[in-house]
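Report on the structure given below.
The values are calculated or read from the model by the stated rules, or taken from the named source; none is laboratory data. Fair warning: this is a prediction, and the values are worked out from it, not measured in the lab. Don't worry about glycine lacking a Cβ; one is built from the backbone with ideal geometry, like all the others, and counts go over all protein chains shown. Each accessible area value is taken on the protein alone, full model and side chains, heavy atoms only, with ligands, DNA and RNA left out. Shrake-Rupley method; radii C 1.70, N 1.55, O 1.52, S 1.80 Å.
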Amino acid sequence: MKRSLKIILLLAVIAIAGCQSKSVSKRGNEVLIDSLSAVLYDLMGDHPDEALALVDSLEREGLIDKGLANCRRAQIYSEQYQPRVSGIYAQRALKDKTLKRGQYYFAYNLLINSVSNVGNTERALQYATEALAATKEDTSSAAREYAPDFMTCIGNSLMKLDRREKANEHYEKAYQMYEEILAGAKSFSWFYPEFMLCVDAINDNSSRGDIETSRRWIPRLQSSYQRTIGTNDIPSHVKDDCTADMEMTLAKFHLREGNTQKAEQHLRAFKQTDFSKTSIGKKDAAAYYEIAKRWKELEQSVANVDSFYIDNHTYHSMDYLKQVLSRRFQAQKQLGHQEEALNTASKLITLLDSAEEKTEKDNAVEFAVIYETQEKEQMISDQRATLSKQRWIAIAVALLLVTVFFLVYTLYRRQVHKKLQQAYNQLEETTTAKERIESELRIARDIQMSMVPHEFPRRKGLDLYAQMMPAREVGGDLYSYVLRGDELYFCVGDVSGKGVPASLFMAQTARLFHTLAAQHLMPADIASRMNDELTIGNDQGMFVTMFIGSLSLSTGHLNYCNCGHNPPVLGGDEQQGTFLEMEPNVPIGLFPEVHFVGQQIDSIKGRALFIYTDGLNEAENTEQQQFGDDRLLKCLREVRFASSRQVIEYVVQTIDAHRKDAQPNDDLTMMCLRVDDSD
């Protein structure tokens with residue numbers, strides 16, 4: 001009921017706007033069209049009839065031209081997966097000379113998609129070639145932006161026609177064209193087409209056995225993914241879809257190249273996405289299990305997809321026969337379930353005739369819609385003449401409403417003006433104070449972040465990287481390092497509490513570490529002297545847990561002192577990573593005159609050392625479940641060391657997947673380092 005009322009109000013607005021179209025400025029009409037277009041996009045997915053009614057009204061009132069109206073109708077039918085009807089409207093739109101350049105190329109996109117969706121690859125190739133040729137003769141920005149899309153469509157079509165070499169040439173040209181237009185782009189909608197190009201290139205080539213070509217596209221896929229999800233305007237569901245697409249693409253690639261371990265790692269990452277819970281996501285999982293010949297999982301995955309088709313009454317479709325029954329039959333046959341396989345085969349044969357019959361009926365319905373639209377266009381033309389007589393009445397009603405509103409508003413304004421002014425003054429004071437505080441906190445954060453190093457040693461044989469992510473504007477975590485000759489001093493710390501007090505204590509701690517490390521003291525002595533300084537005048541009882549180490553880059557000898565901090569993880573052993581054994585030292589700043597005990601390891605050459613604060617293992621999801629030590633060890637044992645930065649970025653992705661929509665509950669800092677064991 002509310003949705004219907006909303007449409008009625010929109011149509012009323014359109015009618016009044018049409019009455020005033022001669023007196024309203026061109027810019028005013030453009031603003032109105034933009035607003036109504038946003039409503040149209042919201043409706044076309046779930047409420048196509050209302051979206052079509054809105055397009056009819058916009059065209060009837062002369063607010064949009066016939067060409068753009070047909071373009072929007074093609075888009076609506078494309079969303080409803082009625083490709084033939086969509087293609088008819090797209091062709092009508094292309095014949096209209098009023099289309100702007102961007103609308104013209106968008107209509108070509110819809111036309112190409114429509115013929116592709118009905119399996120007419122040759123026609124899709126023809127239309128994409130025509131569209132690309134049109135862009136070459138056009139110097140507009142729209143032509144430059146759409147050209148790589150058409151180049152990609154040509155590559156898709158050539159790949160389906162098994163002309164792989166030519167297809168890859170067009171994929172490569174499309175990628176270079178995208179790179180040229182993406183310089184300075186900020187919106188995800190610019191980066192997303194390039195990302196999907198990389199997905200197609202890898203899937204198309206790997207499915208045809210060309211592993212080497214697919215492998216060359218993987219760095220591009222990862223780079224495009226990071227740029228796409230890193231945009232500020234990307235919706236959360238699109239970000240999740242991108243993650244799912246990338247992880248499943250990599251899973252299938254590694255499976256086909258024979259690297260089962262990596263394939264399973266990416267499959268697990270795919271399953272952590274929301275997209276994997278959808279029907280399309282479940283079909284993707286089924287495709288993976290089919291490639292992997294994991295028949296038991298394939299049978300279960302197909303069962304999950306089966307319920308979707310039954311609930312939506314689409315089990316008579318050809319898609320259901322291919323995606324569900326044929327895969328179920330294959331799985332049951334491979335598992336030796338002969339009786340179940342026979343039943344599935346019988347059901348498949350029974351449904352085949354009804355699926356073909358339903359397809360023919362659907363086609364007939366689509367063509368009936370096409371003929372009905374011709375009558376609708378004539379009706380729109382007749383209604384325009386009738387509505388022109390009603391516009392003067394609408395104008396009179398609108399003027400009367402405005403006059404009454406003005407009178408009421410004038411009387412009311414006199415009564416409440418004083419209260420409104422007082423409220424405004426109070427709001428202005430509050431807003432000013434809030435902005436001042438936020439500005440000061442931003443400055444404090446910038447100062448704090450400047451106190452930790454963001455450049456790391458570029459020294460042969462040493463790989464060091466660290467990252468700090470405060471839970472608030474400012475926090476109490478810290479990390480630092482001092483490199484003197486062949487001796488590397490480093491630390492990671494976590495100050496008690498959060499916010500500004502913790503950041504001030506952190507700043508004092510970082511300063512002391514730098515001063516004492518420059519004196520070439522042992523880590524335990526550094527801890528003792530820092531404790532002596534920080535306990536003086538510490539009436540608030542603040543303290544800092546720290547891991548302090550000194551590492552000989554020539555021998556790999558490690559001296560360290562753990563001051564109440566989480567035990568680091570040292571890799572390179574039989575378990576591929578274990579927690580270090582720690583002396584039970586107290587945190588720094590808690591008690592005066594404490595003697596800290598240090599420890600040592602003869603050599604950690606070739607072994608990655610991972611240090612972190614409790615914001616990692618205590619990270620919580622929306623159910624307040626902590627990440628925990630076990631997940632941390634599992635994560636670090638899974639990741640294959642390529643660089644310290646890559647390890648930390650992988651851990652960040654894993655933590656984000658665990659948190660989902662939960663906000664960080666504590667500051668998080670990580671450091672990873674490794675000394676090369678080669679001579």
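Consider THR231 carefully, then state whether it is crowded, with 19+ Cβ neighbours inside 10 Å, touching a residue at least 12 places away in the same chain (Cβ under 8 Å) and of a type in the set (Val, Ile, Thr). In short, no. Selection of region 161-213 for residues being among the aromatic types (Phe, Trp, Tyr) and open to solvent by 40 Å² or more (accessible area, probe 1.4 Å) yields PHE188, TRP190, TYR192.
The C-beta contact set for region 630-651 (first residue open to solvent by 50 Å² or more (accessible area, probe 1.4 Å), second residue part of a helix (DSSP H, G or I) and hydroxyl-bearing (Ser, Thr, Tyr), distance under 9 angstrom, 6+ apart or interchain) comprises ARG631/THR654.
All told, GLN265 falls short of being open to solvent by 50 Å² or more (accessible area, probe 1.4 Å), at pLDDT 90 or above and in a helix (DSSP H, G or I).
Taking every residue in region 451-466 that is in contact (Cβ under 8 Å) with a residue 12 or more places away in the chain and on the phi < 0 side of the Ramachandran plot and pairing it with any residue that is in a loop (DSSP other than H, G, I, E, B) and among the polar types (S, T, N, Q), at least 6 positions away or on another chain, the pairs with Cβ-Cβ distances below 6 Å are ASP463/SER643.
Each row is one residue, and each column tells you yes or no for (1) closer than 28 Å to LYS460 by Cα; (2) assigned to a helix (DSSP H, G or I); (3) charged (D, E, K, R).
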{"position": "VAL597", "(1), (2), (3)": "no, no, no"}
{"position": "GLN600", "(1), (2), (3)": "yes, no, no"}
{"position": "ILE604", "(1), (2), (3)": "yes, no, no"}
{"position": "ILE611", "(1), (2), (3)": "yes, no, no"}
{"position": "LEU616", "(1), (2), (3)": "no, yes, no"}
{"position": "THR622", "(1), (2), (3)": "no, no, no"}
{"position": "LEU632", "(1), (2), (3)": "no, yes, no"}
{"position": "CYS635", "(1), (2), (3)": "yes, yes, no"}
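In this entry, GLY556 passes the filter for residues that are under 18 Å from ILE611 (Cβ atoms), open to solvent by less than 20 Å² (accessible area, probe 1.4 Å) and modelled with pLDDT of 90 or more.
Among the residues making up region 611-623, those that are open to solvent by 20 Å² or more (accessible area, probe 1.4 Å) and either within 20 Å of PRO567 (Cβ to Cβ) or in contact (Cβ under 8 Å) with a residue 12 or more places away in the chain (or both) are ASP614, GLU618, GLU620, THR622. For ALA142, state whether it is open to solvent by less than 50 Å² (accessible area, probe 1.4 Å), more than 28 Å from the chain's Cα centre (by Cα) and small (Gly, Ala, Ser). Considered against the rule, which asks whether it is open to solvent by less than 50 Å² (accessible area, probe 1.4 Å), more than 28 Å from the chain's Cα centre (by Cα) and small (Gly, Ala, Ser), ALA142 comes out as no.
The helices (runs of 4 or more DSSP H) found wholly in region 113-212 and carrying at least 1 residues that are more than 25 Å from PRO83 (Cβ to Cβ) and polar (S, T, N, Q) occupy 141-160, 164-181, 188-207. Apart from one condition, GLU593 fits all of (1) of a type in the set (Asp, Glu); (2) free of Cβ contacts under 8 Å to residues at least 40 places away in the same chain; (3) assigned to a loop (DSSP other than H, G, I, E, B); the exception is (2).
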